[in-house]
Amino acid sequence: MQTETTKEIVLQVSKLKKRFGNNIVLDDFSFELHRNENIVVLGKSGSGKSVLIKCIIGLMKPEDGSIIILGKEVNEMNAEELDKTRAKIGFLFQSNALYDSMTVRENLEFPLRRHWIKHKKEEINQIINQALSDVKLTHTIDMMPSELSGGMRKRIALARTLILKPEIILYDEPTTGLDPITAKEIIQLIIEIKNKYNTASLIISHDMNCVKLASDLVVMLIDGKCYANDTYSNLKNSQDKNIKQFFE
């Protein structure tokens, strides 16, 4: 049985550096994400949170540093290796990115059909029904995105993220634009999915309620560096003015 000190590292970011001209966005930025752990990256707008995500999934190449996902260095992967690694990473877009012209079923089928592992029709139906059951929306399977509320669309986007059974999930502002009750439901789903599937999650969020409830640890991105890496409660009680500004 694994202890907290021996939990498997699924993502290791070490001394990451990324700049745009003279603008240093990430400066020796480091942290580790373990299996069955939720880390929230907290920082001001424009601090480099989105750049960090793009570097992790290989859409941007850092000037220096290391990104190891599930034991493999991202910067050393060829195109095929990168595609196969991305298939193990779920991404919940802030905008949900559902296809308006497709039903819920078709939206959830899409990642399966473009994946190199072939599934039988019965298997596809079973996978889709399980994903919809996980987000408590099985009755929406033949509905169009336009027929769904904002919170329901977010849940369907999360169901689509679960389709390929990712080991790591990246959440980009998962509660933005949602009312407080719906936002809390999404946060609860994030926690339930981690516990059910033993996933690791990296969450980008400005919603301090999300930070408080969903995080096991909070990584503070300030001036390109990992300024602090601690629990929400410890950071909330910090007397450091750079940390306190996020909790006031």
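Where a number appears in this text, it was derived from the coordinates with a stated rule and is not lab data. Worth saying up front: this structure is predicted, and the values here are computed from it rather than measured. Using ideal geometry, Cβ is built from the backbone for each residue, glycine included, and neighbour counts are taken over all protein chains shown.
When the Cα gyration tensor is reduced to axis lengths a ≥ b ≥ c, the ratio a/c is 1.5 or higher for the stretch 19-90, and with a/b not above b/c it is classed as oblate. Spin-label pair residue 64-residue 81: with each label point 7 Å from Cα along the Cα-Cβ axis, the two points sit 2.3 nm from one another. When the alpha carbon gyration tensor of the chain is reduced to an equivalent ellipsoid, the three semi-axes, largest first, read 30, 22, 17 Å. Viscosity 1.567 mPa s, temperature 4 °C: what is the translational diffusion coefficient of the stretch 55-194 from Stokes-Einstein with a Kirkwood Rh over Cα pairs, rounded to a whole number of µm²/s? The estimated diffusion coefficient comes to 81 µm²/s. For the chain, the antiparallel share of DSSP beta bridges with both residues in that region comes to about 55%.
The Cα trace of the stretch 48-131 gives Rg and Dmax of 15.6, 46 Å, the first to one decimal, the second as a whole number. The stretch 201-246 gives an Rg/Rh value of 0.92, both radii derived from C-alpha positions and Rh following Kirkwood. By other beta-carbon atoms within 10 Å, ranking 89, 222 with the fewest at the front produces 222, 89.
Ranked by how many other Cβ atoms sit within 10 Å of their own Cβ, fewest first, the residues 19, 113, 155, 86 fall in the order 113, 19, 86, 155.
Computing FRET efficiency as 1/(1 + (r/R0)^6) for residue 138 and residue 209, where r is the C-beta to C-beta distance and R0 is 25 Å, gives about 0.35. A quarter of the convex hull surface defined by the alpha-carbon atoms of the stretch 152-211 gives 3.7 nm² as the mean projection. Take every pair of alpha-carbon atoms less than 8 Å apart whose residues are at least six positions apart; their mean separation over the length of the chain yields a relative contact order of 27 percent. Packing around the peptides 136-146, 238-248, 22-32, taken as the average count of other Cβ atoms within 10 Å per residue, puts them in this order, highest first: 22-32, 136-146, 238-248.
Translational diffusion coefficient, Stokes-Einstein: compute it for the stretch 112-248 using the Kirkwood radius over C-alpha pairs as Rh, at 37 °C and 0.692 mPa s, and state it as an integer in µm² s⁻¹. Present the calculation step by step, with values, prior to reporting the outcome.
Numbers: Rh = 16.8 Å.
It comes out at roughly 196 µm²/s.
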